[in-house]
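The values are calculated or read from the model by the stated rules, or taken from the named source; none is laboratory data. This structure is a prediction, so every number in the text was calculated from the model and none was measured. For neighbour counting, all protein chains shown are included, and Cβ atoms are generated from backbone atoms with ideal geometry for every residue, glycine included.
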Amino acid sequence: MAPSSSTLKLLLTFLASYALVAYAGSLNQNFDVTWGDGRGKILNNGGLLTLSLDRASGSGFQSRNEFLFGKIDMQLKLVPGNSAGTVTAYYLSSKGSTWDEIDFEFLGNLSGDPYILHTNIFTQGKGNREQQFYLWFDPTSNFHTYSVLWNPQVIIFSVDGTPIRKFKNSESIGIPFPKKQPMRLYSSLWNADDWATRGGLVKTDWTQAPFTASYRNFNAKACLWSSGSSSCSSKSPSSRTSNNNTWMKEDLDTTSQARLKWVQKNYMIYNYCTDTKRFPQGFPPECAITNA
């Protein structure tokens, strides 16, 4: 029996709404291990993903889907013990010579010394927007949630729900903002002992290998990019009114602004917008914009 028009309309409404929500559930449905010759593994029926690094190779994975805007969460547990020389990168990136990119990078350190959380934003192939932080917990002892909110107005980096960095859309004054190129989510664990720990002074101790980082609980409310268009371009009534896409207009409220300032006051260890040696002729124009 063919479905009634009302049933068909309900189904189409559901699908339009679902296209905006996305993508939780098992990691093996959302990601492919793309390199590492078996050093990347999806375990526990898709509930856990691990990347490993040894002297021969690191490993990495990428999302099966591309996104154009999203609110993306992943729980990570970083390499424990002496992780000096290692980098765990977790980032969104597009392709091409004028790519966009939103980076979390975790720079390993000697046992007992804190990880450095390195962030960067690339627009049209131009980066050099580094901010670095210590964390207020041990990121190797348990899983913690690292999140990116990326909508047409703002990019916000958060850790366990606490915002640590905000980058506004300031195209009105000529600063490019990532909003046209779809991005995949990537992660990799690799050796960078030429620069990662104390500028390359501390090398990787391969007697500690293999080094392993773990991932779980991926969740994304996002616009799926497919065949040259975004699922958020739907004109259906549900896509205009659904609570599922409130993140498309989300920004920091007063409480979140205060938490951002707390992090930046107490845990920020590098900000390109205060590096006078690097920018003797003046800071990049976005540095003059308040991000509260």
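General remarks:
- Test set (1) closer than 30 Å to ASN266 by Cβ; (2) more than 13 Å from the chain's Cα centre (by Cα) - PRO176 fails condition number: (1)
- Within segment 258-277, considering residues that are outside any helix (DSSP H, G or I) and surrounded by 11 or more Cβ atoms within 10 Å (Cβ to Cβ), the one farthest from the chain's Cα centre (by Cα): ASP275
- Considering segment 51-71, and only residues there that are part of a strand (DSSP E or B) and more than 17 Å from the chain's Cα centre (by Cα), the residue that is farthest from ARG216 (Cα to Cα) turns out to be LEU53.
- Near pairs, Cβ below 7 angstrom, 6+ apart or cross-chain, from segment 124-141 (over 30 Å from SER94 (Cβ atoms)) to any residue that is surrounded by 14 or more Cβ atoms within 10 Å (Cβ to Cβ) and of a type in the set (Phe, Trp, Tyr): TRP136/TYR267
- Complete set of residues in segment 193-232 that are closer than 30 Å to ASN44 by Cα and at pLDDT below 90: SER226
- Restricting attention to segment 123-144, the residues being in a strand (DSSP E or B) and loosely packed, with under 15 Cβ neighbours inside 10 Å number 1.
- The residues of segment 77-89 that are surrounded by fewer than 21 Cβ atoms within 10 Å (Cβ to Cβ) and in contact with a Pro (Cβ under 9 Å, 6 or more places away or on another chain) amount to a single one, LYS77.
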